[in-house]
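Report on the following structure.
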């Protein structure tokens, strides 16, 4: 039996569905658990301050970028932060902090940059790794929950 146009179109949409579902999809992690991960693993270097300057998480005196609005944002989205060369190259490629990208990055920042840039010399300024994948997903959910797009 020869496939007709309708069958071919339906098959194409079914194959593309996972890609469409991932973009803009709700985080899969637990925001409450992510708040604990942030307090234990991220607070030393990062802060979350909203656009009015209100401190939502962390404490002042950070060395990493403000993570407010990171969920779904373009890579290197904080205007006045001095990102490393490889991170800026990732930003120039138009990469965004989807859950998948965020989880991959926080689990192995340099490895993730090397993969997405296809450059074995790429390096991240972030040396800390969130070792557990579920912790990374929970962290993303938490940052999403206190970001500008939280519902």
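At a glance:
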| item | result |
| --- | --- |
| Per-region count, segment 103-122, residues buried (at least 18 other Cβ atoms within 10 Å of the Cβ) and either in a loop (DSSP other than H, G, I, E, B) or touching a strand residue (DSSP E or B) at 6+ places or on another chain (Cβ under 9 Å) (or both) | 1 |
| Filter result for residue 53 (in a helix (DSSP H, G or I) and either over 25 Å from residue 26 (Cβ atoms) or in contact with a helix residue (DSSP H, G or I) (Cβ under 7 Å, 6 or more places away or on another chain) (or both)) | no |
| Test: residue in segment 70-83 that is touching a helix residue (DSSP H, G or I) at 6+ places or on another chain (Cβ under 7 Å), modelled with pLDDT of 95 or more, outside any loop (DSSP other than H, G, I, E, B) and surrounded by 12 or more Cβ atoms within 10 Å (Cβ to Cβ) | yes |
| Residues located in segment 84-102, provided they are within 19 Å of residue 138 (Cβ to Cβ), free of Cβ contacts under 8 Å to residues at least 60 places away in the same chain and outside any helix (DSSP H, G or I) | 97 |
| Yes/no for residue 21 being exposed (fewer than 12 other Cβ atoms within 10 Å of the Cβ) and either modelled with pLDDT under 90 or more than 26 Å from residue 149 (Cβ to Cβ) (or both) | yes |
| Unique match (being closer than 20 Å to residue 35 by Cα, in contact with a strand residue (DSSP E or B) (Cβ under 9 Å, 6 or more places away or on another chain), surrounded by 14 or more Cβ atoms within 10 Å (Cβ to Cβ) and modelled with pLDDT of 95 or more) among 143, 139 | 143 |
| Residues satisfying the stated conditions in segment 125-145, i.e. in contact with a helix residue (DSSP H, G or I) (Cβ under 8 Å, 6 or more places away or on another chain), in a loop (DSSP other than H, G, I, E, B) and farther than 24 Å from residue 84 by Cα | none |
| Scope segment 56-78; condition free of Cβ contacts under 8 Å to residues at least 40 places away in the same chain and in contact with a strand residue (DSSP E or B) (Cβ under 8 Å, 6 or more places away or on another chain); matching residues | 58, 66, 73, 74, 75 |
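The values are calculated or read from the model by the stated rules, or taken from the named source; none is laboratory data. None of the values given here were measured: they were computed from a predicted structure. Cβ: placed from backbone, ideal geometry, glycine included. Neighbour counts: every protein chain shown.
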